[in-house]
Amino acid sequence: MKSYSNQRKVSLFFRYLLLTILAILWLIPIFWIVLASFSYNDTGFISTFFPEKWTFQNYIGIFTNSQFPYLHWIINTLLVAIISATLSTFFQISVAYVLSRLRFRLRKPFLQIALVLGMFPGFMSMIALYYILKGLNMLNLGGLILVYVGGAGLGFYVAKGFFDTIPRSLDEAAELDGATKWQVFTKIGLPLSKPMIVYTALTTFMAPWVDFIFSGIILSTSGDPKTYTIAYGLYNMLSSSKGSATTYFAQFVAGCVITAIPITILFVITQKFYVSGITAGADNG
């Protein structure tokens with residue numbers, strides 16, 4: 001018994017040691033980016049870990065730079081992310097609920113086709129999407145929202161697995177009391193699926209916020225920096241002209257830190273709702 005206890009302690013020690021090392025490796029780049037955003041630099045790339053001279057000018061410059069309208073990028077990205085997250089969450093939850101609770105003839109073929117389509121990365125379709133949106137004269141933020149929302153229905157598998165865990169007896173009891181399918185969905189399904197709604201909304205909000213591929217393809221033809229999103233705008237800041245990578249690198253880093261703040265705050269806030277949602281769902285079940 002004592003030997004087993006010692007082995008368990010040694011095993012736990014090495015596990016925590018490994019987790020500590022991994023945490024340090026993950027945190028070092030983040031720590032460096034935050035420090036670099038406060039580093040005064042007029043020669044190009046930042047070559048030291050700790051700033052030799054501290055300054056807030058990088059954060060001031062990113063908002064006052066008339067050539068690169070960072071504030072417009074934030075507003076554009078926030079608008080696209082909120083609309084996309086709202087519509088995508090509704091589509092994903094609706095599709096997941098239908099496929100989990102209802103039975104119809106083409107249900108299994110649809111599940112199989114959706115599984116196959118989900119194996120292909122979305123960026124494989126970017127050229128086709130570009131020409132479709134070009135033909136519709138929608139190479140703008142509206143077209144970008146359509147791209148994000150268009151494939152939302154195929155991301156239903158995680159939500160479907162959650163709905164599968166909700167007892168069907170709740171649906172049957174509500175239907176015996178005269179509730180329609182829509183009432184069962186809105187009065188029983190949605191309240192019990194708060195954790196999944198939060199998870200879906202968070203993931204569908206993050207995708208447009210950090211996406212570079214589709215925003216770069218769709219918005220690059222406008223030539224107007226005020227129409228860009230954050231990811232493509234920051235990239236354009238370093239690649240717009242010769243020497244811009246060194247000239248604006250410190251501001252670029254500051255812009256990256258500002259971009260990460262809303263996502264971090266969102267994670268902290270939704271974590272509470274996520275846990276409380278799970279607890280409420282368990283009590284109601």
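The values are calculated or read from the model by the stated rules, or taken from the named source; none is laboratory data. If you're wondering where the values come from, they're calculated on a predicted model, not measured in any experiment. As a convention, Cβ positions derive from the backbone with ideal geometry for all residues, glycine included, and neighbour counts pool all protein chains shown. Only protein heavy atoms, including side chains, enter the accessible area calculation; ligands, DNA and RNA are left aside. Shrake-Rupley method; radii C 1.70, N 1.55, O 1.52, S 1.80 Å.
When segment 106-150 is examined, which residues are found to be aromatic (F, W, Y) and in a helix (DSSP H, G or I)? Result: F110, F123, Y130, Y131, Y148. Listed by position, the helices (runs of 4 or more DSSP H) contained in segment 162-242 that have at least 3 residues being open to solvent by 60 Å² or more (accessible area, probe 1.4 Å) are 168-176, 181-184, 194-210. Just checking, how many residues over segment 37-79 are of a type in the set (A, V, I, L, M) and either crowded, with 21+ Cβ neighbours inside 10 Å or on the phi > 0 side of the Ramachandran plot (or both)? Within segment 37-79, residues that are of a type in the set (A, V, I, L, M) and either crowded, with 21+ Cβ neighbours inside 10 Å or on the phi > 0 side of the Ramachandran plot (or both) number 1. Just one of the numbered conditions (1) open to solvent by less than 90 Å² (accessible area, probe 1.4 Å); (2) closer than 30 Å to S220 by Cβ is not true of S3: (2). Between L106, L111, the distinction of being open to solvent by 100 Å² or more (accessible area, probe 1.4 Å), of a type outside the set (K, R) and closer than 30 Å to Q183 by Cβ belongs to L106 only. Do we find a residue being closer than 16 Å to I218 by Cβ, under 19 Å from the mean Cα position of the chain (by Cα), open to solvent by less than 50 Å² (accessible area, probe 1.4 Å) and at pLDDT 85 or above anywhere in segment 123-141? Checking segment 123-141: at least one residue is closer than 16 Å to I218 by Cβ, under 19 Å from the mean Cα position of the chain (by Cα), open to solvent by less than 50 Å² (accessible area, probe 1.4 Å) and at pLDDT 85 or above. Checking each residue in segment 207-248 for being of a type outside the set (V, I, T) and within 17 Å of F63 (Cβ to Cβ) picks out P225, K226, Y228, G233, L234, N236, M237, Y248.
Taken over segment 7-17, the criterion of being open to solvent by 100 Å² or more (accessible area, probe 1.4 Å) and modelled with pLDDT of 85 or more is satisfied by F14, R15, Y16. May I ask you to verify whether I62 is outside any helix (DSSP H, G or I) and either in contact (Cβ under 8 Å) with a residue 40 or more places away in the chain or in contact with a strand residue (DSSP E or B) (Cβ under 8 Å, 6 or more places away or on another chain) (or both)? So I62 fails the test. Search segment 135-146 for residues that are on the phi > 0 side of the Ramachandran plot and pair each with any residue that is open to solvent by less than 70 Å² (accessible area, probe 1.4 Å) and in a helix (DSSP H, G or I) when their beta-carbon atoms are under 9 Å apart and the residues are at least 6 apart or on different chains. What qualifies is N137/G143.
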